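A short worksheet on the structure shown next.
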Amino acid sequence: MSEFDKLAGESCHVMNRNILTETENYSRCYGKNELKFGSRPVLIVIDCVKAYHDPKSPLYAPERFDDALKSILRLIEKCRATGIPVVYTSVIYETPQSGGKWYMEKLPNVLCCYDAGNPFRDFAEGVEPRKDEVVVLKQYSSSFFGTSLSSVLASWGCDTTILCGYSTSGCVRATGKFAPVPNLVRD
């Protein structure tokens, strides 16, 4: 018996012998249940800023973000055309200290792109919130942590969120963890 089996007990030992494929495991856990797309969705556009498109920026990566921007612009257009509200989020640091240790110690040469007044933190070309669309400014990865976004969505009766943006492994993922019924869009 392995150390794991001794620690976890017999129930885990039995499960270890019955290794399932990912599909089989998902089916066993969740069956045929699916979350339906809600009747009050909201699109959240996360951190689509110029820093990712300007060659002078430390975040510049055109091979990743130029195609993503085209998809995001199409998605914004479709949501507007069908009456789905669009919310935009972006990071802003009034001072380096407001970014905490991540800013001050780990990523000062990158997070400075989000300093107040830095043109890199302006929304990317074509990502232009209308006057009737909400812009949420944040200091952390999640668009919900320390912001009014949750209250805004609740007041609208939002039952589904459509997420798109930059830094999928960071800010998009962090936002999805706290979003009501998140749907990550992939073009």
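Every number in this text was worked out from the coordinates using simple rules, so none of it is lab data. Predicted model only: the values in this text are computed from it and were never measured. Methodologically, a virtual Cβ is constructed for each residue, glycine included, from the backbone with ideal geometry; neighbour enumeration extends over all protein chains shown.
Structure values in brief
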| item | result |
| --- | --- |
| The range 41-184, dipole about Cα centre (Lys/Arg Cβ +1, Asp/Glu Cβ -1), debye to the nearest 20 | 240 debye |
| Around P180: net Lys/Arg minus Asp/Glu count, Cβ-Cβ under 11 Å | 0 |
| Long-range HN-HN contacts of V49 with modeled amide H, under 5 Å | A124 |
| Lysine pair count for the range 41-184 [Cα-Cα under 30 Å; pairs on different chains or 8 or more apart] | 25 |
| Positive minus negative residues near W156 (Lys, Arg vs Asp, Glu; Cβ under 14 Å) | -2 |
| Least to most buried among D67, D115 (fewest other Cβ within 10 Å first) | D67, D115 |
| Cβ-derived FRET efficiency at R0 35 Å, E128 paired with C29, nearest 0.05 | 0.25 |
| Volume per residue of the C-alpha convex hull in the range 68-115, rounded to whole Å³ | 92 Å³ |
